[in-house]
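The structure appears right after this line, and notes come after that.
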Amino acid sequence: MINYESYPLLNGTITLFYSTTGVQFVSLADDPVAEYQAWYPTGQPTPATKQRYANLVAAYLAGQALPPYQVDWQSHGTDLQRQVWQYLQTIPTGTTMSYQALATAIGRPNAVRAIATAVAKNPLLILGGCHRIVRQDGTLGNYRAGVTWKQNLLTFEHQLQNSVLD
């Protein structure tokens, strides 16, 4: 059984889909259930009866380290993709890195295209910091939720970083 819960985030909404095993998918879409079902065609998510992941969203909005949480990959993704997705979760808030740097960090410096594909297929928006991966020249590149969301998240995180340093 897959449940979901939604929270306000910046000027939109974040929706987390999860099983009893852990978080499976995160959406910033206007119709998050439709987006979920595009990724998991047999999934029939239902609204949660209680908030299970409010602490994750609150920590993100406060610029704090995310509390520990379980991930339910549901056999989704290749071994390489899961390796990338796990690494994405370690990239600090307010920082960015290039696809090339990410490829090098996980020991696959010649697999930049495969790494970029894995980043694009990351099911855990925001929790897995795929928005923090940019092109070598510093331009944003694509983002499943749209480039506007990517820019807004990076700007928000940069502002959080600056307020911590002040």
Would you mind working out the accessible area per residue for the range 16-71, using a 1.4 Å probe, and quoting it in Å²?
53
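Helix-derived [θ] at 222 nm for the chain: sum -39500 (n - 2.57) over DSSP H runs of at least 4, divide by residue count, nearest 500?
So the calculated ellipticity at 222 nm is -11000 deg cm²/dmol.
For the chain, what % of the accessible area comes from carbon and sulfur atoms, probe 1.4 Å?
On the way: 4360 of 8570 Å².
It is 51 percent, rounded to a whole number.
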Projecting the Cα atoms of 81, 64, 148 onto the charge dipole of the range 12-160, where Lys and Arg contribute +1 and Asp and Glu -1 at Cβ, the residue farthest towards the positive end is 81
Between the range 6-40 and the range 106-166, how far is it from one alpha carbon centroid to the other, in angstrom?
18
Spelling it out for residue 71: with amide H atoms placed in the peptide plane at 1.01 Å from N, the residues 5 or more places away or on another chain with amide H under 5 Å from its amide H are 23
Can you list the DSSP H helices in the chain whose Cα atoms extend at least 15 Å along the helix axis and whose mean Kyte-Doolittle hydropathy is -1.0 or higher?
147-165
Once residue 49 and residue 148 are pulled to full extension, the length gained, defined as 0.36 nm per residue separation minus their Cα-Cα distance, is 32.5 nm
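So how strong a dipole does the chain carry about its Cα centre when Lys and Arg Cβ are +1 and Asp and Glu Cβ are -1, to the nearest 20 debye?
Working: 10 positive and 9 negative charges, 67 e Å.
In total the dipole reaches around 320 debye.
For an R0 of 30 angstrom, estimate the FRET efficiency from the Cβ-Cβ distance between residue 114 and residue 62 and round to the nearest 0.05.
Numbers: r = 34 Å, r/R0 = 1.15.
Rounded to the nearest 0.05, the efficiency is 0.30.
The values are calculated or read from the model by the stated rules, or taken from the named source; none is laboratory data. None of these values were measured; they are calculated from a predicted model. As a convention, Cβ positions derive from the backbone with ideal geometry for all residues, glycine included, and neighbour counts pool all protein chains shown. The protein model used for the area step is the full one, side chains on, heavy atoms only, and it has no ligands, DNA or RNA in it. Shrake-Rupley method; radii C 1.70, N 1.55, O 1.52, S 1.80 Å.
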